[in-house]
1. Looking at the range 223-237, I want the residues that are among the hydroxyl-bearing types (Ser, Thr, Tyr) and have a partner that is assigned to a helix (DSSP H, G or I) and surrounded by 15 or more Cβ atoms within 10 Å (Cβ to Cβ) with Cβ atoms under 8 Å, at least 6 apart or on another chain. Which pairs are those?
2. Which of the helices (runs of 4 or more DSSP H) contained wholly in the range 31-106 include at least 1 residues that are in contact (Cβ under 8 Å) with a residue 40 or more places away in the chain, farther than 29 Å from Leu132 by Cβ and open to solvent by less than 10 Å² (accessible area, probe 1.4 Å)?
3. Can you name the residue in the range 109-126 that is of a type in the set (A, V, I, L, M, F, W, C) and in contact with a helix residue (DSSP H, G or I) (Cβ under 6 Å, 6 or more places away or on another chain) and is also modelled with the lowest pLDDT among such residues?
4. Exactly one condition in (1) open to solvent by less than 10 Å² (accessible area, probe 1.4 Å); (2) touching a Pro at 6+ places or on another chain (Cβ under 9 Å) is false for Asn109; which is it?
5. Hey, does the range 240-247 have a residue that's outside any helix (DSSP H, G or I), touching a residue at least 40 places away in the same chain (Cβ under 8 Å), closer than 25 Å to Lys141 by Cβ and open to solvent by 40 Å² or more (accessible area, probe 1.4 Å)?
6. Which condition from (1) modelled with pLDDT of 95 or more; (2) open to solvent by less than 50 Å² (accessible area, probe 1.4 Å); (3) out of contact with any helix residue (DSSP H, G or I) (no Cβ under 8 Å at 6 or more places or on another chain) is the one that Pro21 breaks?
7. Can you tell me which residue within the range 133-151, out of those that are over 11 Å from Leu108 (Cβ atoms) and hydrophobic (A, V, I, L, M, F, W, C), is surrounded by the most Cβ atoms within 10 Å (Cβ to Cβ)?
8. Do we find a residue being open to solvent by 10 Å² or more (accessible area, probe 1.4 Å), modelled with pLDDT under 95 and within 26 Å of Ser114 (Cα to Cα) anywhere in the range 206-225?
Amino acid sequence: MSSCKTWRQVTDNTQNHAEMPARRFCIAPMMEWTDRHCRFFHRLLTRRALLYTEMLTTGAVLRGDRARLLRFDVAEHPLALQLGGADPRALAACARIAADLGFDEINLNAGCPSDRVQDGRFGACLMAEPALVGDCVAAMKAAVSIPVTVKCRIGIDDQDPETALESFTRAVEAAGVDVLIVHARKAWLKGLSPRENRDVPPLDYGRVYRLKAAHPRLPVVLNGGIATVDEARAHLAHVDGVMMGRAAYQEPWRLLAVDSVLFGDEPRCRSANDAALALIPYIERELAQGARLHAVTRHLHGLFRAVPGARAFRRRLAEAATQPHAGADVLRAALSLVVDAGQELAHIAA
């Protein structure tokens, strides 16, 4: 039996999301990864992290299937919607929609380097147009009362990060941005793929530290290459918050330490096994509403990394959860393959 709260208890005990979300620890928006099932599972692992949706374009929000695209569970709060766009009026309209639906923050993507995003004149290419980004922020600020934030890089292509990031920051700060999230790498719009842009440009944490020192009143959140909660804690000596990306997704067990280490709170679940068991009622609800099991369990594949039985766990989920009528018993069976699942964190730390 799991020792942590079920999805119903999590829903009933969600914090008042009208409050300013905590910024000390965030989980990055990641395309095709941080969907609503992923976010719900992450919330079982940490009650305090600020969660982000995948990026949605203004066109998708204004003309797409909002009931599907913007769906979330109340247990996901605090939750931010990340938007992609460069039209101040369209962004303001999307911000109003999101605020009315109950999102806690609107975040503008000015850091994604993909060709598709560049073709739409948003993402990292906006680093070259700080005045436009300022107009976008001002329009959203005028439209909603919830925080409006921007996620950017330290620069693009041949820009000097010292001057480029400073001019960009001044523009969004003058427009009233509530928080600036900085991925501490350049983005190369030509010559590197989006995947290479996550690894090849060198990290420059010092540049983000200097930005915070130069703008003491602006909350600055650091993103890029943060692999452990201890690393996150070290960065907090220099910035207001940290944002973890791939490590949070690929090794979600790390999130179990967030509440105790960074916030001084009791963790929601004692172990990864407990969190997986607590997810079962949610899975049963989603299956009853037409979801496929794999849509949820694909986010658990890294839950027991380095634990005996982890490979068998992943294999069982990968093979059985994709079957047409797979049910929650597949997860239960997969969990039985993990050796000493209740003690996996102690094993990893040893």
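1. Short answer, once both residue conditions are applied: Thr228/Ala247; Thr228/Arg254.
2. Numbers: elements: 36-45, 58-63, 66-69, 88-101.
Helices (runs of 4 or more DSSP H) meeting the threshold: 36-45.
3. Val117
4. (1)
5. The first filter runs over the range 240-247 and keeps only residues outside any helix (DSSP H, G or I), leaving 240-245.
This time we only want the ones that are touching a residue at least 40 places away in the same chain (Cβ under 8 Å), so: 240-245.
With closer than 25 Å to Lys141 by Cβ added as a condition, the list becomes 240-243.
Adding the requirement that they be open to solvent by 40 Å² or more (accessible area, probe 1.4 Å) leaves 240.
For the range 240-247, residues outside any helix (DSSP H, G or I), touching a residue at least 40 places away in the same chain (Cβ under 8 Å), closer than 25 Å to Lys141 by Cβ and open to solvent by 40 Å² or more (accessible area, probe 1.4 Å): present.
6. (1)
7. My answer is Ile146.
8. No, that holds for no residue.
The values are calculated or read from the model by the stated rules, or taken from the named source; none is laboratory data. Bear in mind that the values here come from a model prediction, so they are computed numbers and not experimental data. Reconstructed Cβ throughout: ideal geometry from the backbone, glycine too, with neighbour counts over all protein chains shown. Side chains are part of the model used for accessible areas, which takes the heavy atoms of the whole protein and leaves out ligands, DNA and RNA. Shrake-Rupley method; radii C 1.70, N 1.55, O 1.52, S 1.80 Å.
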